[in-house]
Amino acid sequence: MLPELARLRHALHRIPELGLHLPRTQALVLEALDELGLEVTTGESLSSVVAVLRGARPGPAVLLRGDMDALPVTEDTGEPFTSEHPGHMHACGHDMHVAGLVGAARLLAARRDEIAGSVVLMFQPGEEGDGGAEYMIREGVLDAAGERVVAAYGVHVSGGLLPYGVVAGRAGTAMAAPDDVTVTVHGAGGHGSAPHRAADPVPVAAEIVLALQAMVTRRFDVFDPVVVTVGSIHSGTANNVIPSTATLEITVRTFSQETWTAAPERLREVCEHVAAAHGMTATVEYRRGYPVTVNDAHELGRTARLTRTLFGDDAWLEMPHPLAGGEDFSYVLREVPGAFVFVSAILPGEDPATAPYNHSPQARFEDAALARSAALLAGLALDRLAEG
């Protein structure tokens, strides 16, 4: 089955689409599922595909997810199936996720007589910042089989960090909650030669950058960390003009509900009070991103056991720490227990420490990893449904 899945992956890779509306991607998914005898529906507000596989006997339902959208990246891999859409690329491996989930569907369809229950296949647009999982939950994906799913599983390929074929995960927090913040310091412009006649927001913005770094080590528990990165500072037009405003663009990453709840007010206090100390004001626009991705301990244990059974003891790696990236499968895991793990798809022979990682224009993924993703997802569905 692997060559056929690789061909599907290559076809998807050539036509990357962004956001919530992926008509060409959706069409390829529908074609790939056409002969499996599934109950297929498409989304109303986005180009999603939901397919329900009914087992031969009644039982509970589980969910398997694959995200479908690409990134606004210009590909620089030299692959023979390089993106045909300039400025768009499957740099995060979502083409691998789609093909892997199709593979799991085929494995499960061939074993329909063994299944007591149903499997919901969730093909999701809009993971890269658009929150497609939340849209699909509102449209009923968790109840697509006629009852609420009892567990949910997802995998994400990794282009670096891990040796080829390794599956990695951890119980509890697996990924962070990523929030976006814009801080605008309001001063009063003037001539660069006479700063005392103006209210210069630039040094205040610089103080805020440093104060935020002190905040994360002095206002939060070191064992429940917060990451604050100021990725952009913009102010002014010339070296002899004091500007009226300075703007900072910030990302905040938290790893627990407690710090996620506390972070906005503490960040706002720092920014406003530093500005006030200089006779200025600061406005803080705090935009929530995805929630923390939390793996159920029992379902993570099931994933570890099945990984070792399918691929050998050395194939499983317990992650010592969460990743600071965000993931909208977190919305699903807030509703039902489940597990979200990483499958290394690094090219054989590449050094995990130096290989281009996900989101890089040079990111490449090994087709053979599709077999692991497909087998693991199908195995998780079969194992959970066997419990009844």
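The values are calculated or read from the model by the stated rules, or taken from the named source; none is laboratory data. Being a predicted model, the structure only gives us computed values, none of them experimental. Because the Cβ atoms are built from the backbone with ideal geometry, glycine has one as well, and the counts that use them run over all protein chains shown. Ligands, DNA and RNA are stripped out before the accessible areas are found, and what is left, the full protein with its side chains, is counted by its heavy atoms. Shrake-Rupley method; radii C 1.70, N 1.55, O 1.52, S 1.80 Å.
Highest first, please rank the peptides 239-246, 187-194 by the mean number of other Cβ atoms sitting within 10 Å of their residues. Walk me through the intermediate numbers first.
Details: 239-246: 16.4, 187-194: 14.5.
Packing proxy ranking, top to bottom: 239-246, 187-194.
Which stretch or stretches of segment 131-168 have amide N atoms under 19 Å from the point lying 7 Å from residue 21's Cα along the Cα→Cβ direction?
131-136, 139
Note down the nm distance, to one decimal, between modelled labels 7 Å out along Cα→Cβ at residue 76 and at residue 285.
In this crude spin-label approximation the distance works out to 3.1 nm.
Long-range amide H contacts for residue 173: which residues qualify at under 5 Å (H placed 1.01 Å from N, peptide plane, sequence gap of 5 or more or a different chain)?
295
In the Gaussian network model of the chain, springs joining C-alpha atoms below 10 Å, which of 312, 301, 66 carries the largest mean-square fluctuation?
312
How much accessible area per residue does segment 284-388 have, counting only protein heavy atoms and a probe of 1.4 Å, in square angstrom?
Working: 4330 Å² over 105 residues.
Result: 41 Å² per residue.
Going by a ≥ b ≥ c, the root eigenvalues of the Cα gyration tensor, does segment 124-185 fall in the rounded group (a/c under 1.5), the prolate group (a/b larger than b/c) or the oblate group?
On the way: a/c = 2.14, a/b = 1.07, b/c = 1.99.
Oblate is the answer for segment 124-185, as a/c is 1.5 or above yet b/c matches or exceeds a/b.
Between residue 191 and residue 308, what length in nm is gained on full extension when 0.36 nm per residue of separation is reduced by their alpha carbon distance?
35.3 nm
Before I look further, what does segment 201-261 give for accessible area per residue, probe 1.4 Å, in whole square angstrom?
Numbers: 3370 Å² over 61 residues.
With the other protein chains kept in place, segment 201-261 gives 55 Å² per residue.
Loop by DSSP (not H, G, I, E, B), at most 16 other beta-carbon atoms within 10 Å: where is the longest site-free stretch of the chain for trypsin sites (Lys or Arg not before Pro)?
On the way: sites that count: 111, 148, 219, 288.
Answer from the scan: 1-110.
What net charge do the residues around residue 216 carry, taking every other residue with its C-beta under 12 Å from that of residue 216, with Lys and Arg at +1 and Asp and Glu at -1? Before the final figure, lay out the partial values.
Working: positive: 218, 219, 253, 266; negative: 221, 224.
So the environment of residue 216 carries a net charge of +2.
May I ask you to evaluate 6.51 cos²θ - 1.76 cosθ + 1.60, the Karplus curve with θ = phi - 60°, for each residue of segment 80-90 and list the ³J(HN,Hα) values in order in whole Hz, giving x for glycine and proline?
Once rounded to whole Hz, the list reads x, 10, 4, 3, 8, 10, x, x, 10, 7, 7.
Taking DSSP loops as anything outside H, G, I, E and B, show the longest stretch in the chain free of GluC sites (Glu not before Pro) there with at most 13 other beta carbons within 10 Å. The partial results should precede the final answer.
Numbers: sites that count: 35, 44, 84, 147, 387.
Between exposed loop sites, the widest span is 148-386.
With a 1.4 Å probe and every protein chain kept in, tell me what percent of the accessible surface of the chain is carbon plus sulfur. Intermediate values should be presented prior to the final figure.
Working: 8510 of 16120 Å².
Answer for the chain is 53 percent, counting heavy atoms of protein chains only.
Residues of segment 99-148: accessible area per residue at 1.4 Å, in Å²? Please report the intermediate quantities before stating the final value.
Values: 1670 Å² over 50 residues.
Computed with neighbouring chains in place, this is 33 Å² per residue.
Can you tell me the equivalent ellipsoid semi-axes for the chain? Use √(5λ) from the Cα gyration tensor, largest first, whole Å.
Details: eigenvalues 374, 100, 76 Å².
Rounded to whole Å, the semi-axes are 43, 22, 19.
Quick one: Karplus J couplings for segment 191-200, per residue in order, coefficients 6.51, -1.76, 1.60, θ = phi - 60°, nearest Hz, x for Gly and Pro?
7, x, 7, 9, x, 5, 8, 10, 10, 6
Quick one: Karplus J couplings for segment 59-70, per residue in order, coefficients 6.51, -1.76, 1.60, θ = phi - 60°, nearest Hz, x for Gly and Pro?
Karplus-based 3J(HN,Hα) across segment 59-70 equals x, x, 10, 10, 10, 10, 10, x, 8, 10, 7, 10 Hz.
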